[in-house]
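Written out below as structure tokens is the structure these notes cover.
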Amino acid sequence: MLTDAFEVIDKSFTRYAMGNVHLETLYEGTRWAEGPAYFPAGKYLIWSDIPNDRLLRYDETNGVVSEFLKPCRNHNGHTVDREGRLVACEHRGRCVSRIEVDGSTTILADRFDGKRLNSPNDVIVKSDGSIWFTDPTYGIDGEYEGDKAEAEQDGSYVYRIDPDTGAVSAVITDMVKPNGLAFSPDESLLYVADTGATHVENGPRHIRTFAVSDSGTLSGGDIFATSDIGLFDGFRVDVHGNIWTSAGDGVHCYTPEGDLIGKILTGEVVANVEFGGIKRNRLFICATTTLRAVYLNTQGAPRP
């Protein structure tokens, strides 16, 4: 029998939600938990507490949580690149940065067309080494998650950093507030959330899907799924192509066809998730004031 944390909408969800596991609370005390990134070699998770301007570190070997970096210029989303380095979206820094193996920081992108970025939000790395990130205005809209400032860009776009030249190009320009993003397991599709309902009445609260060419250009852009509670923020894809996305009541699971089959209920708004653990079958959940985790009968898609 499944625990109360799981809501089954379609019986196919029981393939992934095991009956003998529980939703665990690993940490309490964040103001807005975001940006989880798992480091397999160290068996630890890094995540953001954006308003408190700090990164936290959960050690999976002993359950200890410590401060990893403070101040951090209000980091939001993170990913781990192919060399095991932390790539970060900085709200206050208004840039995408990378922490090198020697501990130094490299700024990867802070401008487009000569103008400052808004406040990079979430980031992923493709197997060819290209870096893709979203750039809504949440970090410059007020003082809570960054520094209030006027936007220099004409809109909120999705960008790609070329792996060879470092050039920044805008690949999606028709979203209101692009947010979380992820590739399908074979990288033929790019999924991007639009949380434009925060700024536009009856605005978007959905995930769109784009076909990805070998050269990095996109086509399509159809709506994949629309949130029934709150907004979709960050999300991850498992080896079967299912989308595990944040939402207003927890984590929602969608099939590759866009069917909602189940939920993990947290009692708090979820901002982002990450697959981790030695078998990539533990879903870490950033739920406003807490870090949660649950084991699933699936695995996160392998990193590029």
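Within segment 68-77, does at least one residue satisfy the condition of being closer than 20 Å to residue 285 by Cβ and open to solvent by 30 Å² or more (accessible area, probe 1.4 Å)?
yes
Restrict the check to segment 160-180 and report whether at least one residue is in contact with an Asp or Glu (Cβ under 6 Å, 6 or more places away or on another chain), farther than 24 Å from residue 220 by Cα, surrounded by 14 or more Cβ atoms within 10 Å (Cβ to Cβ) and in contact (Cβ under 8 Å) with a residue 60 or more places away in the chain.
no
So which residues in segment 232-279 are surrounded by fewer than 19 Cβ atoms within 10 Å (Cβ to Cβ), in contact (Cβ under 8 Å) with a residue 60 or more places away in the chain and closer than 21 Å to residue 32 by Cα, if there are any at all?
265
If you scan segment 280-289, which residues turn out to be among the β-branched types (Val, Ile, Thr) and crowded, with 19+ Cβ neighbours inside 10 Å?
Once the filter is applied, which keeps residues that are among the β-branched types (Val, Ile, Thr) and crowded, with 19+ Cβ neighbours inside 10 Å, segment 280-289 yields only 285.
When you look at residue 220, is it out of contact with any helix residue (DSSP H, G or I) (no Cβ under 6 Å at 6 or more places or on another chain) and on the phi > 0 side of the Ramachandran plot, yes or no?
In short, yes.
Looking at this structure, is residue 176 within 23 Å of residue 115 (Cβ to Cβ), touching a Gly at 6+ places or on another chain (Cβ under 6 Å) and among the hydrophobic types (A, V, I, L, M, F, W, C)?
Answer is yes for this residue.
Tell me yes or no: at least one residue of segment 243-254 is of a type outside the set (Asp, Glu), closer than 27 Å to residue 20 by Cβ, at pLDDT 95 or above and assigned to a loop (DSSP other than H, G, I, E, B).
Yes, segment 243-254 contains at least one residue that is of a type outside the set (Asp, Glu), closer than 27 Å to residue 20 by Cβ, at pLDDT 95 or above and assigned to a loop (DSSP other than H, G, I, E, B).
Report, ordered by the first and then the second residue, all pairs with beta carbons closer than 8 Å, sequence separation of six or more or different chains, a first member in segment 1-16 that is hydroxyl-bearing (Ser, Thr, Tyr), and a second member that is open to solvent by 50 Å² or more (accessible area, probe 1.4 Å) and not in a helix (DSSP H, G or I).
3/22; 14/8; 16/297
Taking the stated definitions as given, is residue 66 touching a Phe, Trp or Tyr at 6+ places or on another chain (Cβ under 9 Å) and closer than 16 Å to residue 270 by Cα?
Criteria not met by residue 66.
Of these, 209, 217, 226, 198, which one is within 30 Å of residue 163 (Cα to Cα), open to solvent by 10 Å² or more (accessible area, probe 1.4 Å) and over 16 Å from the mean Cα position of the chain (by Cα)?
Just one listed residue meets the conditions, 217.
Restricting to segment 206-241, name every residue that is under 16 Å from residue 253 (Cα atoms) and of a type in the set (D, E, K, R).
208, 228, 233, 236, 238
Restricting to segment 200-230, count the residues that are free of Cβ contacts under 8 Å to residues at least 40 places away in the same chain and either part of a loop (DSSP other than H, G, I, E, B) or among the aromatic types (Phe, Trp, Tyr) (or both).
Result for segment 200-230: 15.
For segment 20-40, which positions are of a type outside the set (D, E, K, R), open to solvent by 30 Å² or more (accessible area, probe 1.4 Å) and modelled with pLDDT of 95 or more?
Across segment 20-40, the qualifying residues are 23, 25, 26, 27, 29, 32, 40.
List the number of the failed condition for residue 158; all other conditions in (1) β-branched (Val, Ile, Thr); (2) touching a Ser or Thr at 6+ places or on another chain (Cβ under 8 Å); (3) part of a loop (DSSP other than H, G, I, E, B) hold.
(3)
Name the residue that is nearest to residue 15 (Cα to Cα), counting only residues in segment 228-259 that are among the small types (Gly, Ala, Ser) and in contact with a strand residue (DSSP E or B) (Cβ under 7 Å, 6 or more places away or on another chain).
Restricting to residues being among the small types (Gly, Ala, Ser) and in contact with a strand residue (DSSP E or B) (Cβ under 7 Å, 6 or more places away or on another chain), the top hit is 258.
Kindly indicate whether any position in segment 151-159 is among the hydrophobic types (A, V, I, L, M, F, W, C) and in contact (Cβ under 8 Å) with a residue 60 or more places away in the chain.
So far as segment 151-159 goes, no, none of its residues is among the hydrophobic types (A, V, I, L, M, F, W, C) and in contact (Cβ under 8 Å) with a residue 60 or more places away in the chain.
When you go through 257, 268 one by one, which is the residue that is assigned to a loop (DSSP other than H, G, I, E, B) and over 16 Å from residue 206 (Cα atoms)?
268
Among the residues of segment 127-141, which ones are in a loop (DSSP other than H, G, I, E, B) and open to solvent by less than 20 Å² (accessible area, probe 1.4 Å)?
130, 136, 137, 139, 140
The values are calculated or read from the model by the stated rules, or taken from the named source; none is laboratory data. Predicted, not measured: the structure shown is a model, and the values here were computed from it. Positions of Cβ are generated from backbone atoms using ideal geometry, with glycine treated the same way; all protein chains shown enter the neighbour counts. Surface areas here come from the heavy atoms of the whole protein model, side chains and all, with no ligands, DNA or RNA. Shrake-Rupley method; radii C 1.70, N 1.55, O 1.52, S 1.80 Å.
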